[in-house]
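The values are calculated or read from the model by the stated rules, or taken from the named source; none is laboratory data. Everything numeric here is computed off the predicted structure, so don't read it as measured data. Every residue, glycine as well, gets a Cβ built from its backbone with ideal geometry; the counts of neighbours run over all protein chains shown. When the accessible area is computed, the model is the full protein with side chains, heavy atoms only, and any ligands, DNA or RNA have been set aside. Shrake-Rupley method; radii C 1.70, N 1.55, O 1.52, S 1.80 Å.
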Amino acid sequence: MISVTPVEHGAETPMRDAWGQNLVDLGGEFSSLVVLDGDLANSTKADVFAKALPERFFEMGIAEQNMLGVAAGFATVGFVPWVSTFAAFLAKRALDQIRVVIAQPGLNVKMCGSYSGILTGKTGKTHISVEDIAVFRCMPGVVTIAPADDLELRGAMRAMMHDDRPTYLRLTRDPGPTIFPADYEFAIGQAALLRDGGDIGIISTGVETIRALDAARQLAADGVEASVLHVPTIKPLDVEAVVAVAEKTGAIVTAEDHSILGGLGGAVAECLAEHRPTRMRRIGIRDVYGESAPNDAMLEKYRLSSRHIADAARALLGAGAGIGARA
Amino acid sequence: MTDTSTRSAAQRMSSEELARISMRARRLILQSIHDAGAGHIGGPLSVTDILVTLYFDTMNIRPDEPDWPGRDRCILSKGHSSIALYTVLALRGYFPVAEFATFDQLNSRLQGHPDMSKLPGLDMSTGSLGQGLSPGLGMGLGGRLKGEDFHTWVILGDGEIQEGQIWEAAFVAARYNLANVTAILDANGLPQFGWPHPAGYTRETPYDDPAAKFRAFGWHVVECDGHDHADLQRAFAASKAERSKPTCVVAHTVKGKGVSFMEGNYLWHAQVPADDDLTRAFAELRIEGEAQ
Ligand SMILES: Cc1ncc(C[n+]2csc(CCOP(=O)(O)OP(=O)(O)O)c2C)c(N)n1
């Protein structure tokens, strides 16, 4: 775990723009990097790479199962393929391919799922992905990363290039504020403590961390001091960091733009149940599929806003002593 | 640097020599499945001559250096025929034949379906049908990008090509003019259970005229007798000579080839031979001039 002081009022940068540019930068450095696209390059921003390094960009068409298999073949002949499509299609349409020719042989393929979570630009439930973290996290050997902002994404992609494990990178569509300072050093498996408070611990991943920080500010206004632990690597989980925050606060709220089943909330619950039973609430999608609607309305209906996180914290504190409550 | 692994045309194996190796391979296949008490029979016997021709004649490989980057790749997409591939690899010197005693046992390198993370010499893990052609494309695209001239051979079952992913890959391979990839179709007309024939207890072939279908997808197609080593050599050479398109070699085969009571009988897809089945089969699989 490292402690990081988040930037206040950071610039709004779309993660997908940063992703495309990072690929170009890394591609310039690593001649082994190739990019595979499933006919979505102008949505995912792989088109930036296609323009800059066309000989290493491979359009695979609308054929995701083949695309993941082609990536496996590339990996066996010395390339590091970065595959990109929407998270919903990556994690489900091509799942058996990922299992058999990538995860089982442990091939170095970087699987990028863009448009994850419920904020997918009014595309509706077919394009919404609320199970991808759960799917990848339970596959033996697959590293699962969900960065919070463009700056952390840059560090994550660099770290991935220096790591040879199959990895899932969870990306989002819409702009969000940069919360990480320029000198932040991302490491796979390392959680970042963004706020240190003793009353309650909020553990979050991906862009939901931005709302977790807002929730902590709202709680502070009421005199409740929250720790905020951002967990960009859901697997391998930074167990020590999770346990340390639970030790310190005695009450944990997890927050993610993903199902409460099997994602970060599930991972933290499993971890704490074994290492330090702690009272918990999970903020996330409650076992339903989404719909197409404006972002604010979606966050409200599916209870992912900062207010919902803060309310869950208050409810948990108000619920009094239970398992693992502080003396 | 001289390349000791590449045979010049004059040194190529005669089809008679290849036939003798195939005979030995078939005996080993039956023995191994009998001893392990599990595994497939029909598919391995049908693909034996294809594998023997590839590994003993066509492919540019170094058995003592299985990871040699310049090697030709071979993906047995119909991974349930693993025992045929293991047999040919062992006979070719990749690992000792004695290792067959471990087939399907705990911690063995010889898994029920080929596991590239266990056994050197396997270019891809397979077993979930329909998946092998796509990694072959990745190898072909990667080889071309690196400027290397190795060839990638992918062996498909004719039941297997019912999987949609095969046609995704067929489409993309043609788009990229992947002439350094060859798909070899083990066209034995029988999958596992198959399509019932309206007339009774026989089975219908899963795919009608696969050659026409690959041609329609933009592939160069060569048909051959998948049990005639000379014909296989000719088809593989024609495939390497094609410079602008991927090739599909439609190898017409017989499921269970070499053992009369197994041939064309779908029940031998994955049946374990009993002791007397083995005796009867060995009586048919004789190598002339050799004590049995
Ligand atoms: C995706 C998938 N579905 C089903 C199976 C089970 N299965 C193993 S072999 C087989 C029949 C294969 O037929 P074919 O491709 O014609 O092979 P061959 O006849 O040469 O054995 C089936 C259905 C599998 N291994 N993978």
Checklist line | Phi-based couplings in Hz for the stretch A:98-107 (Karplus 6.51, -1.76, 1.60; Gly and Pro marked x) | finding: 4, 5, 7, 9, 10, 5, 5, x, x, 7
Next item on the list: Quickly work out the residue B:117-to-residue B:244 label distance, labels modelled 7 Å from Cα along the C-beta direction, and quote it in nm with one decimal.
Entry: 4.3
Check: Could you work out the helix-only [θ] at 222 nm for chain A, with each DSSP H run of four or more residues adding -39,500 (n - 2.57) and the total divided by the number of residues, to the nearest 500 deg cm²/dmol?
Finding: -10500 deg cm²/dmol
Notebook entry, point to check: Using 0.36 nm per residue, how much length does the chain from residue A:31 to residue A:126 gain when fully extended, once their Cα-Cα distance is taken away?
Noted result: 30.6 nm
Check: Where the only charges are on Cβ atoms (+1 Lys, Arg; -1 Asp, Glu), what is the dipole of the protein assembly as shown about its Cα centre, to the nearest 20 debye?
Finding: 420
Checklist line | Sequence-distant residues sharing a close amide H with residue B:223 (under 5 Å, placed H) | finding: B:250
Notebook entry, point to check: How much accessible surface area, in Å² rounded to 10, belongs to the heavy atoms of residue A:144 with a 1.4 Å probe?
Noted result: 0
Notebook entry, point to check: If contacts are Cα pairs under 8 angstrom and at least 6 residues apart, what is the relative contact order of chain B in percent?
Noted result: 22
Checklist line | Qualifying GluC sites (Glu not before Pro) for the stretch A:1-110 [loop in DSSP, other Cβ within 10 Å: at most 11] | finding: A:8
Checklist line | Size of electric dipole in the stretch B:14-284: Cβ of Lys, Arg +1 and of Asp, Glu -1, about Cα centre, debye, nearest 20 | finding: 580
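Here is the link list: B:146/B:245; B:118/B:255; A:110/B:146; A:45/A:125. Which ones come out longer than 24 Å on Cα distance?
Those over the limit are B:118/B:255.
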Notebook entry, point to check: Taking each residue of B:171-180 in turn, how many C-beta atoms of other protein chains fall within 10 Å of its C-beta, and what is the average?
Noted result: 2
Item checked: Label-point separation, residue A:2 to residue A:289 (7 Å along Cα→Cβ), nm -> 4.1
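With the contact rule set at Cα under 8 Å and sequence spacing of 6 or more, what percent relative contact order holds for chain A?
Values: 772 pairs, mean separation 58.7, N = 327.
Computed value for chain A: 18 percent relative contact order.
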Next item on the list: List the residues of the stretch A:269-305 whose backbone N lies under 18 Å from a point placed 7 Å from the Cα of residue A:261 along the Cα-to-Cβ direction.
Entry: A:269-270, A:282-291, A:302-303
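Could you work out the mean count of beta carbons from other protein chains within 10 Å of each residue's beta carbon in A:103-110?
Values: counts 0, 6, 8, 3, 6, 0, 1, 0.
Average neighbour count from other chains, rounded to a whole number: 3.
Please get the size of the charge dipole for the stretch A:52-106, origin at its Cα centre, with Cβ charges of +1 on Lys and Arg and -1 on Asp and Glu, quoted in debye to the nearest 20. Before the final figure, lay out each step's value.
Working: 4 positive and 4 negative charges, 32 e Å.
Charge dipole, the stretch A:52-106, about its Cα centre: 160 debye, nearest 20.
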Checklist line | Sequence-distant residues sharing a close amide H with residue B:123 (under 5 Å, placed H) | finding: B:74
Checklist line | Sequence-distant residues sharing a close amide H with residue A:80 (under 5 Å, placed H) | finding: A:33, A:34
Item checked: Diffusion coefficient, µm² s⁻¹, Stokes-Einstein with Kirkwood Rh over alpha-carbon pairs of the stretch A:192-316 at 10 °C and 1.306 mPa s -> 113
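First check a/c for the stretch B:14-130, with a ≥ b ≥ c the square roots of the eigenvalues of its C-alpha gyration tensor; if it is under 1.5, answer rounded, and if not, answer prolate when a/b is larger than b/c or oblate otherwise. List each step's numbers first, then the result.
Working: a/c = 1.43, a/b = 1.10, b/c = 1.29.
Rounded, because the longest to shortest axis ratio a/c is under 1.5.
Regarding chain A, what's the average projected area of the Cα-atom convex hull, expressed in nm²? Walk me through the numbers on the way to the answer.
Values: hull surface 60.5 nm².
Reported value for the Cα convex hull: 15.1 nm².
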Item checked: Dipole of the stretch A:1-97, positive end: most advanced residue of A:84, A:20, A:6 [Cβ charges, Cα centre] -> A:84
Next item on the list: Return the average number of partner chain Cβ atoms within 10 angstrom of each residue Cβ along peptide B:73-82.
Entry: 1
Notebook entry, point to check: Using r as the Cβ-Cβ distance of residue A:55 and residue A:9, and R0 as 51 Å, what FRET efficiency do you calculate, to the nearest 0.05?
Noted result: 0.80
Checklist line | Where labels lie 7 Å past Cα in the beta-carbon direction, separation of residue A:96 and residue B:146 in nm | finding: 3.0
Item checked: Reciprocal mean inverse distance between Cα atoms of the protein assembly as shown - Kirkwood radius, Å -> 26.4
Checklist line | Karplus-derived HN-Hα couplings along the stretch B:49-60 (A = 6.51, B = -1.76, C = 1.60, θ = phi - 60°), whole Hz, x at Gly and Pro | finding: 5, 5, 5, 4, 5, 4, 7, 9, 9, 7, 7, 8
Note to self: Just want the answer: with Cβ charges of +1 for Lys and Arg and -1 for Asp and Glu, which residue in A:309, A:228, A:239 is farthest toward the dipole's positive end in the stretch A:197-315?
What the structure shows: A:309
Checklist line | Segments A:161-170, A:260-269, B:75-84, B:99-108 sorted - mean Cβ within 10 Å per residue, highest first | finding: B:75-84, A:260-269, A:161-170, B:99-108
Next item on the list: May I ask you to evaluate 6.51 cos²θ - 1.76 cosθ + 1.60, the Karplus curve with θ = phi - 60°, for each residue of the stretch A:63-77 and list the ³J(HN,Hα) values in order in whole Hz, giving x for glycine and proline?
Entry: 7, 5, 5, 4, 4, 5, x, 4, 4, 4, x, 4, 5, 6, 10
Next item on the list: Per DSSP H run of n ≥ 4, the term is -39500 (n - 2.57); total these for chain B, divide by its residue number, and report the mean residue ellipticity at 222 nm rounded to 500 deg cm²/dmol.
Entry: -10500 deg cm²/dmol
Next item on the list: Order A:56, B:175, B:12, most accessible first, counting only protein heavy atoms with a 1.4 angstrom probe.
Entry: B:175, B:12, A:56
Next item on the list: For the protein assembly as shown, with all protein chains present and a 1.4 Å probe, just round the carbon and sulfur fraction of the accessible area to a whole percent.
Entry: 51
Next item on the list: Identify, among B:199, B:271, B:221, the residue whose Cα sits farthest towards the positive end of the charge dipole of the stretch B:167-278, taking +1 on the Cβ of Lys and Arg and -1 on the Cβ of Asp and Glu, with the dipole about the Cα centre.
Entry: B:221
Next item on the list: Could you tell me the total accessible area buried at the B-A interface, probe 1.4 Å, in square angstrom to the nearest hundred?
Entry: 2000
